[in-house]
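Asker: Take a look at the following structure, please.
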Amino acid sequence: TKSGTGWGGRIADKTAALNAATGFPVVTSLGGTVLFTTGQTTSPLAIPASGSFSLAGYNSSAASAARLAAVKQLLALESSSVLVAGASDISSQALNLSSTVNPILANANSTIAPLFANVKTGTGNQLFQVAKMIEARAATGAQRQIFFVSLGSFDTHGDQANRQQALFAELAPALKAFYDATVALGVGNQVTTFTLSDFGRTF
């Protein structure tokens, strides 16, 4: 039978209480809201692989404040649609956490930035954001964190040797920079990095 939750999300369900002091989500996804990150009672925080995590078009004016209040009111409305309710929950969470998360992602003075200076790939950008979130764990108050990043196109169907070589050439430097970042942050022995492929079903 098809499951509506993933094991990353189910772990979040069981460990959410460890982050209860701040309410910061256990799971942060750089690949959107995917099944792996979905829990029964918890929702992942989805952040961009690059750029900011703030609302565009809002400022300190009264009209802007009124628009923001209206958006929050709309998101709080109950819906019988699971899809609409889920989207509203995730959007509300993003609004509530933006004041904490945006300064972390926009931090131009991150101590681990030099480690990613030459790793300007999709995977490198995702892992840099993860490293910045770990670096700022004191600001988020998170005691347990699960991060999800993704790299696709392994379903080659042809020219596999050349295409895999290109994919691993992106993956390897990004993982190296990320590992070096965890060591620099003093959490090298507290972070487990693993890869999961849809093509390893027999494992």
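The values are calculated or read from the model by the stated rules, or taken from the named source; none is laboratory data. Please read all numbers here as calculations on a predicted model, not as lab measurements. Here Cβ is always computed from backbone atoms with ideal geometry, including for glycine, and neighbour counts include all displayed protein chains. Side chains included, ligands, DNA and RNA excluded: accessible areas come from the protein's heavy atoms. Shrake-Rupley method; radii C 1.70, N 1.55, O 1.52, S 1.80 Å.
Asker: For region 1-57, which trypsin sites (Lys or Arg not before Pro) are in a loop by DSSP, counting at most 10 other Cβ atoms within 10 Å? Could the numbers behind the result be given before it?
Answerer: Numbers: sites: Lys2, Arg10, Lys14; in loops: Lys2.
Passing sites in region 1-57 are Lys2.
Asker: Then there is this: For region 131-203, what are the per-bin percents of Cα-Cα distances with bins 10 Å wide, up to the bin holding the maximum?
Answerer: P(r) for region 131-203, in whole percents per bin: 15, 41, 28, 14, 2.
Asker: With θ set to phi - 60°, apply the Karplus curve 6.51 cos²θ - 1.76 cosθ + 1.60 along region 112-124 and write out the HN-Hα couplings as whole Hz, x wherever there is a Gly or Pro.
Answerer: Each residue of region 112-124 in turn: 9, 4, x, 5, 9, 4, 10, 10, 9, 10, x, 5, x Hz.
Asker: Regarding region 16-124, what whole-number volume in Å³ per residue does the convex hull of its Cα atoms give?
Answerer: Values: hull volume 16.4 nm³, N = 109.
Per residue, the Cα convex hull of region 16-124 comes to 150 Å³.
Asker: With all protein chains present, how much of the accessible area of region 69-118 (probe radius 1.4 Å) comes from carbon and sulfur, to the nearest whole percent? Could the numbers behind the result be given before it?
Answerer: Values: 1870 of 3190 Å².
About 58 percent, which is the carbon plus sulfur part of the accessible surface.
Asker: Can you pull out the chymotrypsin sites (Phe, Trp or Tyr not before Pro) in region 10-100 that DSSP calls coil and that have at most 16 other Cβ atoms within 10 Å?
Answerer: Tyr58
Asker: Taking region 35-91 as the region of interest, what is the percent of Cα-Cα pairs per 5 angstrom bin, listed from the shortest bin to the one with the maximum distance?
Answerer: In order of increasing distance, the bins hold 4, 14, 19, 19, 21, 15, 6, 2, 0 percent.
Asker: Each residue of region 90-107 in turn: what ³J(HN,Hα) in whole Hz from Karplus with 6.51, -1.76, 1.60 and θ = phi - 60°, glycine and Pro shown as x?
Answerer: Result, rounded to whole Hz: 5, 5, 5, 4, 4, 4, 5, 9, 4, 5, 8, 7, 4, x, 5, 6, 8, 5.
Asker: Here's a follow-up. Go from 0 up to the bin containing the longest alpha carbon distance in the chain, width 5 Å each, and give me the % of pairs per bin.
Answerer: Going out from 0 Å in 5 Å bins, the chain shows 1, 7, 13, 17, 18, 16, 12, 8, 5, 2, 1, 0 percent.
Asker: Still on this structure, I have one more. Could you tell me the relative contact order of the chain? Use alpha-carbon pairs under 8 Å, at least six residues apart, and round to a whole percent. Numbers along the way, then the final one.
Answerer: Details: 234 pairs, mean separation 48.0, N = 203.
Reported relative contact order: 24 percent.
Asker: Any idea what the dipole of the chain comes to, in debye rounded to 20, about its Cα centre with Lys/Arg Cβ at +1 and Asp/Glu Cβ at -1?
Answerer: 200 debye
Asker: Let me ask something else. Pairing the Cα long axis of helix 62-75 with the longest principal axis of the chain, what angle in degrees results, from 0 to 90 and rounded to the nearest 10?
Answerer: 70 degrees
Asker: Now for a separate question. Specify which residue in the list Ala117, Ile47, Leu30 is farthest towards the positive end of the charge dipole of region 1-146, using unit charges on the beta carbon of Lys, Arg (+1) and Asp, Glu (-1), about the Cα centre.
Answerer: Ala117
Asker: Cut-off 10 angstrom, C-alpha nodes, Gaussian network model of the chain. Which of Leu45, Leu175, Leu167 fluctuates the most?
Answerer: Leu167
Asker: Moving on. With springs only between Cα atoms under 10 Å apart, run a GNM on the chain and tell me which of Asp155, Asp13, Asp180 wobbles the most.
Answerer: Asp155
Asker: Right, here's the next one. For Thr28, list long-range residues whose amide hydrogen, built 1.01 Å from N in the peptide plane, is under 5 Å from its own amide hydrogen.
Answerer: Here the answer is Leu45, Ile146, Phe147, Phe148, since their amide H atoms fall under 5 Å of that of Thr28.
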